[in-house]
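Asks: Got a structure for you, written out below as structure tokens; questions coming shortly.
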Amino acid sequence: MNKSNVVLKGSLSFINLGEMLQILGGNGSTGILKLTSLYAPHPGYIFLEEGNPVNAENGELQGQEALNTLFGWMDAQFEFSAEPISSQKLIKKNRMELILDGLRMVDDGAVEKLGRASVQKQSNLITEDESDLPLVRGPLIDYIYVVDEEEFANGREIVIQEKYGNWLWVVLKGTVEVIRLMPEGVSRIVRLGEGAFVGSLESIAEKGYMRNATVVAVGRVQLGVLDFVRIYREFVNLSEHLKIILRSLDKRFKQITTFCADALMNHMHMADVKGMKPFITDKFNKEKVFMITSGQVKIVRKEGRQLVELCHLSQGDIVGNIPFLQTSHEPFAAEAYIDDAFEATEIDIAVIKEEYDNLSNTLMNMAQHTATCTSVTTRRVVDIYKKYADE
Amino acid sequence: MAVINLKNRQIECKLVYYGPGRSGKTANLEYINKNFSKQVAGKMISIDTEGDRTLFFDFLPIGLGKIRGCDVRVQLYTVPGQVKYRATRELVLRGADGIIFVADSLAVRREKNMMSLKDLHENLKKMGLDIRRIPLSLQYNKRDLENTGLPIMSIEKMEKELNRQLKVQSFPTSALTGEGVGKTLTHTIKLILAHLQKEFKWADGS
């Protein structure tokens, strides 16, 4: 697709795909209609010849199958470039038939709706009031970064596990619940209150980010939409080391969430440190921070006679005591074990601390929030193991 | 909102058959497609929507005149009755130039007719259209059932219940036998053309 041939662009939330195809159809246009959505990992393409769709692409999908899925892209942006096309003619149906059939499939639920509209799905995942879940609140909200406010009614799903999306929110009022969908059912992880963030540090760094949990409104919730572009700009300009520290923290949080979800389903991760040796303990290397360059590291916690695995780190991850991001892991509440292949470079944390102190409130709050959630979830995992050991 | 296609000097407009499920919208279009085949452009498209099929084809009204030298092409649609077909219904109704409301004469469908008409009113309103201004005709369909002993409503009763405020032209029809189908269509297309003439004149001030 040649950028310079773009003759028409806009938002499908204003003119939907059905109408767009009718306009291009009535005009007898030839070219490529490109759709981009924040909720899809890659763009979608529709190839038109004299106004008729002749092929489409959505990731692995092609032809009409791909075209049908694109009707579900409600919030997408479109760009039409007028140019000769050499695409295969995989679609031979009449334009109007394609449009009506595509919309029919959206209405029938046979095609998934992508976009903020889809988020307004009522969740039946939360049925009882489980107020014994830990509640994490955030620090004071920096309103400069809030670009919009959204309200969600009780039970609405704000983000959905395994759906793509980079939106970041901060909870302004009310409570949301973070849950993991497991093959056996639902694992309820944590509740988030005012000042807490929905959306992770990793989602800033990675385009086409896949959500790793579902977040549901508990009661009426008011969320502030964060200025993603601003946060993104700040993030990409950080030093490599700080970026790695933040991403590694996020990875740790995700792993402990997975272990927590597993533990709730009675899948216990007993740590196996056979052949590994302690590297960071409360007596050894306790002031140091390393970036792993090779080998494996396991963060384990002793609970009675058991060793509970908290996370499993490898190349590119950070291990050690970061005084400004307390996760209640090593060196005081857990130990780091390394295998024979382990190599690492030490990081001068004092330099990083200086950079960290100059972060914007919002990014710093997000980092703190991730550390707090890691610590809260770790405590929860440990509690579950304790209970399990007692039984 | 008719579209003027400058490439082939054609005015495209949209006529939508609206009404409760199984009232005979599809039968209307099937009859037209079969019996006015010379005026049908392209094949009829049929989408299987729950309860009712959604049909679409292009119709070229012959002998009803041109507008400013342009030929007229009418897109005929049925709208899926079920509530869940929102996206489909919106696409079909958006920019409609005229409506034929197909009411069911069966006594048991009395309420369904009224609800559907109310629905039409609301759906048009959402698209900035006014049911009292858009070219509209009513059809009291399934009159052929009169002879079968099934309880059907009298024309007077239907007029009173559906057309008292609208006061538009209504037709007793039987979409199965085709009685009244052509008449309703011709009348409504004429209404649309007159409406467009008026709009275009008003637009250029002549």
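The values are calculated or read from the model by the stated rules, or taken from the named source; none is laboratory data. In this text the structure is predicted, and so the values were computed from the model without any measurement. All Cβ positions, even for glycine, are placed from backbone atoms using ideal geometry, and neighbour counts span all protein chains on display.
Asks: Return the residue satisfying two criteria in turn: it lies in the stretch A:323-341 and is in contact with a strand residue (DSSP E or B) (Cβ under 7 Å, 6 or more places away or on another chain) and surrounded by fewer than 22 Cβ atoms within 10 Å (Cβ to Cβ), and of such residues it is farthest from A:GLN368 (Cα to Cα). So that I can check it myself, show each step before the final result.
Replies: Within the stretch A:323-341, the subset in contact with a strand residue (DSSP E or B) (Cβ under 7 Å, 6 or more places away or on another chain) is A:329-331, A:333-338, A:341.
Narrowing the set further to residues that are surrounded by fewer than 22 Cβ atoms within 10 Å (Cβ to Cβ) leaves A:331, A:333, A:341.
Working: A:PRO331: 18, A:ALA333: 18, A:ALA341: 32 Å.
Of everything passing the filter in the stretch A:323-341, A:ALA341 is farthest from A:GLN368 (Cα to Cα).
Asks: Please go through the stretch A:86-114 and pick out each residue that is basic (Lys, Arg) and more than 10 Å from chain B (Cβ to nearest Cβ). Spell out how you get there, then give the answer.
Replies: Of all residues in the stretch A:86-114, those basic (Lys, Arg) come to A:89, A:92-93, A:95, A:104, A:113.
Within the stretch A:86-114, A:LYS89, A:LYS92 meet the criteria.
Asks: Let me ask another. Within the stretch B:92-119, track down each residue that is part of a helix (DSSP H, G or I) and surrounded by fewer than 23 Cβ atoms within 10 Å (Cβ to Cβ).
Replies: Taking the stretch B:92-119 as the starting set, the residues that turn out to be part of a helix (DSSP H, G or I) are B:92-93, B:107-119.
Correct list: B:LEU93, B:ALA107, B:VAL108, B:ARG109, B:ARG110, B:GLU111, B:LYS112, B:MET114, B:MET115, B:LEU117, B:LYS118, B:ASP119.
Asks: So, one more: Small (Gly, Ala, Ser) and either in contact with a Lys or Arg (Cβ under 7 Å, 6 or more places away or on another chain) or surrounded by 20 or more Cβ atoms within 10 Å (Cβ to Cβ) (or both): does that describe B:SER137? Please lay out each step first, then the result.
Replies: On the way: small (Gly, Ala, Ser): yes; either in contact with a Lys or Arg (Cβ under 7 Å, 6 or more places away or on another chain) or surrounded by 20 or more Cβ atoms within 10 Å (Cβ to Cβ) (or both): yes.
The answer is yes for B:SER137.
Asks: Say whether the condition of being over 22 Å from B:ASP130 (Cβ atoms), of a type in the set (Lys, Arg) and at the interface with another protein chain (Cβ under 10 Å from one of its Cβ atoms) is met by at least one residue in the stretch B:7-18. Before you say what the answer is, go through the steps one by one.
Replies: Here is the first cut: in the stretch B:7-18, the residues over 22 Å from B:ASP130 (Cβ atoms) are B:7-10.
Still in the running and of a type in the set (Lys, Arg): B:7, B:9.
If we keep only those that are at the interface with another protein chain (Cβ under 10 Å from one of its Cβ atoms) as well, we get B:7.
Yes, the stretch B:7-18 contains at least one residue that is over 22 Å from B:ASP130 (Cβ atoms), of a type in the set (Lys, Arg) and at the interface with another protein chain (Cβ under 10 Å from one of its Cβ atoms).
Asks: Based on what the data block shows, is B:THR54 within 14 Å of chain A (Cβ to nearest Cβ), touching a Lys or Arg at 6+ places or on another chain (Cβ under 9 Å), in a strand (DSSP E or B) and of a type outside the set (Lys, Arg)?
Replies: On the way: within 14 Å of chain A (Cβ to nearest Cβ): yes; touching a Lys or Arg at 6+ places or on another chain (Cβ under 9 Å): yes; in a strand (DSSP E or B): yes; of a type outside the set (Lys, Arg): yes.
So B:THR54 passes the test.
Asks: Could you count how many residues in the stretch B:85-125 are within 14 Å of another protein chain (Cβ to nearest Cβ) and among the aliphatic types (A, V, I, L, M)? Full working, then the answer.
Replies: As a first pass, look at the stretch B:85-125 and keep what is within 14 Å of another protein chain (Cβ to nearest Cβ): B:85-96.
So of that shortlist, the ones also among the aliphatic types (A, V, I, L, M) come out as B:87, B:91-93, B:96.
Residues in the stretch B:85-125 being within 14 Å of another protein chain (Cβ to nearest Cβ) and among the aliphatic types (A, V, I, L, M): 5 in total.
Asks: Then there's this: Can you tell which of A:ARG180, A:ARG233, A:ARG211, A:ARG156 is within 27 Å of A:SER37 (Cβ to Cβ), in contact with a helix residue (DSSP H, G or I) (Cβ under 7 Å, 6 or more places away or on another chain) and not hydroxyl-bearing (Ser, Thr, Tyr)? Outline the logic, then answer.
Replies: Values: A:ARG233 fails: in contact with a helix residue (DSSP H, G or I) (Cβ under 7 Å, 6 or more places away or on another chain); A:ARG211 fails: in contact with a helix residue (DSSP H, G or I) (Cβ under 7 Å, 6 or more places away or on another chain); A:ARG156 fails: in contact with a helix residue (DSSP H, G or I) (Cβ under 7 Å, 6 or more places away or on another chain).
Result: A:ARG180 is the single residue among A:ARG180, A:ARG233, A:ARG211, A:ARG156 that is within 27 Å of A:SER37 (Cβ to Cβ), in contact with a helix residue (DSSP H, G or I) (Cβ under 7 Å, 6 or more places away or on another chain) and not hydroxyl-bearing (Ser, Thr, Tyr).
Asks: A follow-up question, please. A:LEU38 passes all but one of (1) away from chain B (no Cβ under 14 Å); (2) buried (at least 20 other Cβ atoms within 10 Å of the Cβ); (3) within 25 Å of the chain's Cα centre (by Cα); (4) touching a residue at least 24 places away in the same chain (Cβ under 8 Å); which number fails?
Replies: Of the numbered conditions (1) away from chain B (no Cβ under 14 Å); (2) buried (at least 20 other Cβ atoms within 10 Å of the Cβ); (3) within 25 Å of the chain's Cα centre (by Cα); (4) touching a residue at least 24 places away in the same chain (Cβ under 8 Å), the odd one out for A:LEU38 is (2).
Asks: In this structure, is A:ASN68 closer than 27 Å to B:ASP58 by Cβ, touching a helix residue (DSSP H, G or I) at 6+ places or on another chain (Cβ under 7 Å), of a type in the set (S, T, N, Q) and within 14 Å of another protein chain (Cβ to nearest Cβ)?
Replies: Details: closer than 27 Å to B:ASP58 by Cβ: yes; touching a helix residue (DSSP H, G or I) at 6+ places or on another chain (Cβ under 7 Å): yes; of a type in the set (S, T, N, Q): yes; within 14 Å of another protein chain (Cβ to nearest Cβ): yes.
Yes; evaluated as a whole, the condition is true for this residue.
Asks: Would the stretch A:323-335 turn up any residue that is assigned to a strand (DSSP E or B) and more than 21 Å from A:HIS267 (Cα to Cα)? Can you show your working first?
Replies: Within the stretch A:323-335, the first condition is being assigned to a strand (DSSP E or B), and the residues that meet it are A:335.
Restricting the remaining residues to those that are more than 21 Å from A:HIS267 (Cα to Cα) gives A:335.
Yes, that holds for at least one residue.
Asks: Here's a follow-up. What about A:VAL308, is it under 23 Å from A:PRO134 (Cα atoms), assigned by TED's automatic domain parsing to the domain that holds A:MET270, in contact with a Lys or Arg (Cβ under 8 Å, 6 or more places away or on another chain) and not acidic (Asp, Glu)? Break it down into steps so the answer makes sense when it comes.
Replies: Numbers: under 23 Å from A:PRO134 (Cα atoms): yes; assigned by TED's automatic domain parsing to the domain that holds A:MET270: yes; in contact with a Lys or Arg (Cβ under 8 Å, 6 or more places away or on another chain): yes; not acidic (Asp, Glu): yes.
Yes: the conditions hold for A:VAL308.
Asks: Output the residues belonging to the stretch B:61-84 that are part of a loop (DSSP other than H, G, I, E, B), hydrophobic (A, V, I, L, M, F, W, C) and away from every other protein chain (no Cβ under 14 Å).
Replies: We begin by selecting, within the stretch B:61-84, every residue part of a loop (DSSP other than H, G, I, E, B); these are B:61-66, B:68-69, B:79-84.
Then drop every residue that is not hydrophobic (A, V, I, L, M, F, W, C), which leaves B:62, B:64, B:79, B:83.
Selection gives B:ILE62, B:LEU64.
Asks: Sticking with this structure for a sec: Tally up the residues in the stretch A:201-220 that are modelled with pLDDT under 85 and in a loop (DSSP other than H, G, I, E, B), please.
Replies: Final tally of qualifying residues: 4.
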